[in-house]
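Working notes, structure below.
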Ligand code: CP
């Protein structure tokens, strides 16, 4: 019999921060997914608000552009009745030369409880977490990790397939520069999925010994037998040189179109963290087609981020419906 996330008894949340899935145990991941399941129901009520984080203050501190992550953390905080402040680096005193640490110290002077941070350099959220009394949530650090994206991806897979254990998940695209790929590999393999990585050799990480994944450079092989196809954008902003000859060639060799999709399992899930480059990694007919769960990923991101805010704020265990 297959074990689902809901079946597993989980221990309490003991961490101040959420920095990555590398350091989380399978049980901690299950606790977040289980808590998100409870919060998912809140978003379906006519009054979509609970008092769980009343009196807490959350700061969104974003050094890179974002649509989905920043918005869903803001909405998640509001649905939990927390106060939320949005700070974009370009319009803050960071643009006048203030260091990140001084910015954080000034935020702490307001007694903020949670700092959600996205930064272009790997490790910045970790450095802030070590210095700050506030809880820190990594909303994406360079090419390193994007834990809440992988958690919402896992939540969506669990919801659609009823399980994660034993599923074949193929991640296709710019693996080398993708924090989404890294977080998904750590999370999915801990929950027992079999992960295949596919992309041009120039976009594959050099050292994959401890990744516990299969690697192929042939997209047809990655599609065959997959239960989930996770497409990734080419991250030009993180490449120091041009690593693919042209987007047209990339599309021909690795893009997911209707013809390729038809060779896969009929019920394969098509996922993408966004933003999509339509006509490059994914044709519109597939992005908007019946196998696509891309917008459901965005919906589930809200429940997952409510769960993460709730847990790091010290609530520590999945809420019952009555408590909420
Ligand atoms: N998936 C993701 O992180 O999207 P944003 O860059 O819009 O937040």
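A few notes on this one:
- Strands (runs of 3 or more DSSP E) within segment 1-119 that include 2 or more residues within 16 Å of the ligand (Cβ to nearest atom) and in contact with a helix residue (DSSP H, G or I) (Cβ under 6 Å, 6 or more places away or on another chain): 57-62, 114-119
- The residues on offer are 184, 212, and the sole one that is modelled with pLDDT of 95 or more and not assigned by TED's automatic domain parsing to the domain that holds residue 68 is 184.
- Residue match in segment 172-179 (condition: out of contact with any strand residue (DSSP E or B) (no Cβ under 6 Å at 6 or more places or on another chain) and away from the ligand (no atom under 16 Å from the Cβ)): yes
- Subset tally (residues that are at pLDDT below 95 and under 15 Å from residue 66 (Cβ atoms)) for segment 121-151: 0
- Filter pass, residue 277 being under 24 Å from the mean Cα position of the chain (by Cα), modelled with pLDDT under 95 and on the phi > 0 side of the Ramachandran plot: no
- Condition check for residue 148: part of a helix (DSSP H, G or I), over 9 Å from the mean Cα position of the chain (by Cα), within 13 Å of the ligand (Cβ to nearest atom) and touching a residue at least 24 places away in the same chain (Cβ under 8 Å): no
- Test: residue in segment 130-138 that is away from the ligand (no atom under 16 Å from the Cβ), part of a strand (DSSP E or B) and more than 17 Å from residue 20 (Cβ to Cβ): no
- Hey, residue 141 assigned by TED's automatic domain parsing to the domain that holds residue 268, buried (at least 24 other Cβ atoms within 10 Å of the Cβ) and within 30 Å of residue 168 (Cα to Cα) or not: no
The values are calculated or read from the model by the stated rules, or taken from the named source; none is laboratory data. For clarity, every value in this text was computed on a predicted model and none was experimentally measured. Ideal geometry is used to build each Cβ from the backbone, glycine not excepted, and the neighbour counts take in all protein chains shown.
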